[in-house]
Amino acid sequence: MLDSEGLTAMLRQMYRIRLFEERIKQFYDYQGYYSETVTDAATDETDSLLTYTMYDVTSTGMIGGAVHLYIGMEAVAVGVCAALEPDDYVVSTHRGHGHAIAKGADLKRLLAELMGRKTGYSGGCGGSMHIFSLEDGLIGGNGIVGAGLPLALGAAFSAKYRGTKQLAVAFFGDGASNQGTFHESLNMAALWKLPVLFVCENNLYAASTPAVIALSTPSVADRAQAYGIPGRAVDGQDVLQVHQAAAEAAARARAGEGPTLLECKTYRFEGHCGVSSGHNNPRECEEWKKRDPIVLLEQKLRQEGLLTATDREAIRTQVLQELDEAEQFAIASPLPSPEDLEVTEAPGQSATRGA
């Protein structure tokens, strides 16, 4: 059971994710491409507006390429990662900033990576969808739907083979539960009783495809029955409910009892990609915003006398200052040189973590 300090720490982590995502969203104003302002008329001479999202980062410090925001889903990453140990493994997705921050990633190096800077986690070569940090237990994000599940399987096998108490977590979306890698990974994890937690972030959409027309069952958690492992669906907007379920699954894995499938019913408040024009179902999105995970936790803390308005503002101020420092660090950091592209191991990484 979390104490008051643990609950406040979770709120702070949720704010770190939310405010980080809001900060990087500001970089998508379609300006900065070779110092020119992008207009609809300007795009007539190019293939598409997407061309203009590849910013000239040397002049503005903007982020190039696609960014998938985690806003609205913070309770899942924080609730799960709060149940982990520092040396546990996490395999992320293309929407992975929240997972990285919840697992302990440094905001300076994270933002530097998104900006393609040499000081980033992957030396500026991985970008938004490939955050990798062995020192934080982050095996990596993945832009391929469902491709992270076998990686978590391998990490879990490694932990069991070496006789450690480590476990691996695979985050994935509802769309990935239709991929062959999902079923193959659950089957093998069940056969070998591997210490892995499969976390489905069911935000009801795979890009723009509604889960209601893509899933044969309304509950991804029900699919665990086919492999003889526990499957549990929880309110993904309630960080305490997520944390309790994750803690129980983690304890089960460490005891040698094998994997668990955890489905977190959640919702992203932004479009699929950071360069999109907004959520494809605005009315539905507004309804889900009434259950903002940060607001729900704040209400809980206030009811228990653990949070005042002053406390809340102090947390926000602290996080915003951290973000200001991260932004200054990232913009001031150098771009990787052509010679750096020959290096396969990112600065500060070590291949001796024991995997």
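(1) touching a helix residue (DSSP H, G or I) at 6+ places or on another chain (Cβ under 9 Å); (2) open to solvent by 20 Å² or more (accessible area, probe 1.4 Å); (3) at pLDDT below 75; (4) not in a helix (DSSP H, G or I): which one isn't true of Gly32, the others all being true?
(2)
Whether any residue in segment 199-210 is of a type in the set (Val, Ile, Thr) and within 18 Å of His68 (Cβ to Cβ) is what I want to check.
yes
Could you say which residue among Leu191, Leu149 is surrounded by 24 or more Cβ atoms within 10 Å (Cβ to Cβ) and not polar (S, T, N, Q)?
The match here is Leu149.
Exactly one condition in (1) more than 30 Å from Gly72 (Cα to Cα); (2) surrounded by fewer than 24 Cβ atoms within 10 Å (Cβ to Cβ) is not met by His183; state its number.
In the conditions (1) more than 30 Å from Gly72 (Cα to Cα); (2) surrounded by fewer than 24 Cβ atoms within 10 Å (Cβ to Cβ), His183 misses (1) alone.
Among the numbered conditions (1) modelled with pLDDT of 90 or more; (2) in a loop (DSSP other than H, G, I, E, B); (3) open to solvent by less than 30 Å² (accessible area, probe 1.4 Å), tell me where Gly116 comes up short.
Single failed check for Gly116: (1).
If Leu307 meets every condition in (1) touching a residue at least 12 places away in the same chain (Cβ under 8 Å); (2) farther than 18 Å from Gln26 by Cα; (3) of a type in the set (A, V, I, L, M); (4) part of a helix (DSSP H, G or I) apart from one, which number is that one?
(4)
Which one is nearest to Arg23 (Cα to Cα) among residues in segment 253-290 that are surrounded by fewer than 19 Cβ atoms within 10 Å (Cβ to Cβ) and basic (Lys, Arg)?
For segment 253-290, the residue satisfying everything is Lys289.
How many residues, within segment 282-303, are in contact (Cβ under 8 Å) with a residue 12 or more places away in the chain, more than 21 Å from the chain's Cα centre (by Cα) and part of a loop (DSSP other than H, G, I, E, B)?
Of the residues in that region, 0 qualify.
Only one of (1) open to solvent by 70 Å² or more (accessible area, probe 1.4 Å); (2) modelled with pLDDT of 85 or more; (3) in contact with a helix residue (DSSP H, G or I) (Cβ under 6 Å, 6 or more places away or on another chain) is not met by Ile315, so which one is it?
For Ile315, the failing item is (1).
Only one residue in Val220, Val199 is open to solvent by less than 40 Å² (accessible area, probe 1.4 Å), under 30 Å from Arg109 (Cα atoms) and not acidic (Asp, Glu). Which one?
Every option except Val199 fails the conditions.
If I ask for residues that are farther than 16 Å from Ala83 by Cα and either acidic (Asp, Glu) or open to solvent by less than 40 Å² (accessible area, probe 1.4 Å) (or both), which ones from segment 232-245 would you list?
If the condition is that a residue be farther than 16 Å from Ala83 by Cα and either acidic (Asp, Glu) or open to solvent by less than 40 Å² (accessible area, probe 1.4 Å) (or both), then Asp235, Gln237 are the ones that fit.
Of the conditions (1) touching a Cys at 6+ places or on another chain (Cβ under 9 Å); (2) more than 19 Å from Ala102 (Cβ to Cβ); (3) acidic (Asp, Glu), Glu184 satisfies every one except a single condition; which number is it?
(1)
The values are calculated or read from the model by the stated rules, or taken from the named source; none is laboratory data. All values derive from a computational prediction rather than experimental measurement. Please note: Cβ atoms are built from the backbone with ideal geometry, for glycine as well, and neighbour counts cover all protein chains shown. Ligands, DNA and RNA are excluded from the accessible area calculation, which covers all protein heavy atoms including side chains. Shrake-Rupley method; radii C 1.70, N 1.55, O 1.52, S 1.80 Å.
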